[in-house]
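This report refers to the structure that appears directly beneath it.
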Amino acid sequence: MKKENKVLKAQIEDLSQKIESLQENCRKEYNHESRHLVEASSSQSLDPDTTKSLDFLGNGFEDLMSFRNNAINEITVIKGKLQTLSEAVSKVSSALDDLQQYSFAFNVKLLNVQELNTRETVLDTSQLCVSIFKAIGANVNLQDIGIAHRVSPRNPSSKPKPIVCKFTRRLTREEVMSKRKKL
């Protein structure tokens, strides 16, 4: 879920940059077009056909400027909505981090523990954890463990699958961790 959240943040950032570029291009075009209109209208004497052409171009230019202003306003609205979405994604990301940290407060991950058999049950894994914890001097029984199971490793290898052991009380986890540090 974290990976998807990072991808979403990257997409939002990319959209923000594209919108900013689009808005900047609209502003540049305005400056370029208005300079040409001023240069054309500052001619000294104009014949009637030229004046009519300039009036036609001026009206077209006014329509174009109206469209440009509407586009810039719409871009500003889209930027605001994108900013709101970005803030919401950041809040979700923060909530996910908090939830993960809270969840980990009850968990212990055991690495390189030989599998009892290929079809190891949750009860087998829980009993294995209890025996390991007792071997290091922690006072743990089966009721102190909510669940213990094997998980697939991030990088597949020939090593045994790691065990995630979730305790029912954080105090029990802390006792196991303190005994582990004394080894």
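Starting from 0.36 nm per residue, how many nanometres of slack lie between SER21 and ALA71 once their C-alpha separation is accounted for?
16.7 nm
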With label points set 7 Å from each Cα along the Cα-to-Cβ direction at LYS28 and SER131, the distance between them in nm comes to 7.2 nm
Need the full-extension length gain, LEU123 to ALA105, defined as separation in residues times 0.36 nm minus the C-alpha distance. One decimal, nm. 4.3 nm
Simple spin-label estimate for LEU46 and ILE78 in nanometres, 7 Å along Cα-Cβ: 3.4 nm
Using only the alpha-carbon atoms of segment 107-182 as identical scatterers, what base-10 log of I(q)/I(0) does the Debye formula give at q = 0.20 Å⁻¹? -0.83
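Given the pairs LYS28/LYS52; LYS2/LYS28; LYS2/LYS109; LYS18/LYS52; LYS6/LYS166; LYS52/LYS79, which are separated by over 31 angstrom at their Cα positions?
Long pairs (Cα-Cα over 31 Å): LYS2/LYS28; LYS18/LYS52; LYS52/LYS79.
Taking trypsin sites (Lys or Arg not before Pro) that fall in a DSSP loop and have at most 10 other Cβ atoms within 10 Å as cut points, what is the longest piece of the chain between them?
Longest run free of exposed loop sites: 1-118.
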About the Cα centre, and with charges only on the beta carbon of Lys, Arg (+1) and Asp, Glu (-1), how big is the dipole of the chain? Nearest 20 debye, please. 2240 debye
Could you give the nm distance between label points at GLU115 and SER86, where each point is 7 Å from its Cα heading toward the beta carbon? 4.6 nm
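Regarding the chain, what's the average projected area of the Cα-atom convex hull, expressed in nm²?
Details: hull surface 72.1 nm².
Computed as one quarter of the Cα hull surface, the answer is 18.0 nm².
Every read-out reported here was derived from the displayed coordinates using simple, explicitly stated rules and does not represent laboratory data. Being a predicted model, the structure only gives us computed values, none of them experimental. Every residue, glycine as well, gets a Cβ built from its backbone with ideal geometry; the counts of neighbours run over all protein chains shown.
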